[in-house]
Amino acid sequence: MTNAPIRPLIAGNWKMNGLAAALAEATAVRDTLPSLGGNAAEVMICPPATLLAQLAGLAKGSPLAVGAQDCHWAAAGAHTGDIAAEMVKDAGASAVIVGHSERRADHGELDRIVRSKASAAHRAGLTAIVCIGETRGEREAGLTLTVVRRQLAGSLPDAVDPTNSVIAYEPVWAIGTGLTPSTDDVVEVHAAIRAYLVERFGAAGQGVRILYGGSVKPANARELLALTDVNGALVGGGSLRAEDFLAIVRAAL
C-alpha cells in the first residue's frame, strides 16, 4: 500500500508506440477500472499525440485519465510540429509529461526548457509530470543525489503544488533495460526529493506525488509501490498491454 493520504498515480507512457488499433488496450483498462475499488488510485494513459483526442473521447466519464507526452512552452506561434499545452488541454488531456530523459537526450532539452514547459502546463490548467533521473555514469560516480537536486532546482517552476505537479524519478539506466535500483536506493532518492520539495515549497511539498519509473512491471510493482515516498509509478513498456498495466494498477491498491 502506498503512503496515505497521498493518492497514488499509475501513469502509462506509451512513448512512440500505438496505432489506432492500440486503443483497444486502453479501452480494456477503462472498462476494468470500475471493478478495482473506486478511486483508490488515479490511473492515466499518455498515448502518442495522434491518439490523444481519440483516447480522451473514449475515457470521458470514466475513471481513466489521459495525459500527453510533451508540450511546447509557447501558447501558439511559428513552431512547426510542436503542440502547445493549450492544445493538449483542448484535446481532452488533464496532464502532460515534461522533461522525460528521452526528450532531454534526443532533443537536448535543458532544465530551463523543462521548467518553461512545466509552467506552460500550469498556464493551461494541466498537471505537469516532471521527470528527473541520473545516467549510469552519474550513478557510478556517486552523483545521483547531486544530479537529482540540480534537476529539481532547474526544472521546477515556483508555482508547484500537489494539484498541478507530479515528480517522476526515472534513473535513465533503468528505463527499458529490465534493470532497477535496489529498494534502498529508491528510498534514498525519493527521500531526497521529498526533502527538496519541502525545503523549497513548504507544506505544499509534502503532498506532491513522487512517482518511480524505470522497468516497472507486474513482478516488481508491489515491492516498489510499498516503499516510503513512492506515490505511484510512471510505466513505459509495461503499460502497452492492458493485462500488464492493470496488474501494476492492482499493486497500488
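The values are calculated or read from the model by the stated rules, or taken from the named source; none is laboratory data. Because the structure is predicted, anything quoted here is derived from the model rather than measured. Note that we place each Cβ from the backbone using ideal geometry, even for glycine, and neighbour counts take in every protein chain shown.
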Report task. Mind telling me which of the residues Ile175, Ile193 ends up being under 19 Å from Glu109 (Cβ atoms), surrounded by 18 or more Cβ atoms within 10 Å (Cβ to Cβ) and either in contact (Cβ under 8 Å) with a residue 12 or more places away in the chain or not aliphatic (A, V, I, L, M) (or both)? Result -> Ile175
Requested in this report: Go over the candidates Ala85, Ala59, Ala78 one by one and state the one that is more than 15 Å from the chain's Cα centre (by Cα), among the small types (Gly, Ala, Ser), surrounded by 23 or more Cβ atoms within 10 Å (Cβ to Cβ) and over 23 Å from Asp158 (Cα atoms).
Outcome: Ala59
**Report entry** Enumerated strands (runs of 3 or more DSSP E) restricted to segment 1-72, each holding at least 3 residues that are farther than 18 Å from Pro218 by Cα
**Finding:** 64-68
Query raised in the report: Do the conditions hold for Ala75, that is, is it in contact with a helix residue (DSSP H, G or I) (Cβ under 6 Å, 6 or more places away or on another chain) and of a type in the set (Gly, Ala, Ser)?
Result: yes
Query raised in the report: Does segment 131-143 include one or more residues that are among the small types (Gly, Ala, Ser) and either under 18 Å from the mean Cα position of the chain (by Cα) or buried (at least 21 other Cβ atoms within 10 Å of the Cβ) (or both)?
Result: yes
Report task. Evaluate segment 80-96: report whether one residue or more is in contact with a Phe, Trp or Tyr (Cβ under 8 Å, 6 or more places away or on another chain), small (Gly, Ala, Ser) and closer than 16 Å to Ala233 by Cα. Result -> no
Report summary line: Of (1) part of a helix (DSSP H, G or I); (2) closer than 19 Å to Gly99 by Cα; (3) modelled with pLDDT of 95 or more, Leu224 fails just (2)
Query raised in the report: Any idea which of (1) more than 18 Å from the chain's Cα centre (by Cα); (2) within 25 Å of Tyr212 (Cα to Cα); (3) buried (at least 19 other Cβ atoms within 10 Å of the Cβ) is the one Pro34 doesn't satisfy?
Result: (3)
Query raised in the report: When you scan segment 51-105, how many residues do you find that are in contact with a His (Cβ under 7 Å, 6 or more places away or on another chain) and acidic (Asp, Glu)?
Result: 1
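Let me confirm something: among Met16, Met44, which residue is under 19 Å from the mean Cα position of the chain (by Cα) and buried (at least 16 other Cβ atoms within 10 Å of the Cβ)?
Met44
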Query - Residue under evaluation Asp161, criteria (1) among the acidic types (Asp, Glu); (2) surrounded by fewer than 16 Cβ atoms within 10 Å (Cβ to Cβ); (3) part of a helix (DSSP H, G or I), criterion not met - result: (3)
Query raised in the report: Take the residues of segment 106-130 that are part of a helix (DSSP H, G or I), in contact (Cβ under 8 Å) with a residue 12 or more places away in the chain and not aliphatic (A, V, I, L, M): which is surrounded by the most Cβ atoms within 10 Å (Cβ to Cβ)?
Result: Lys117
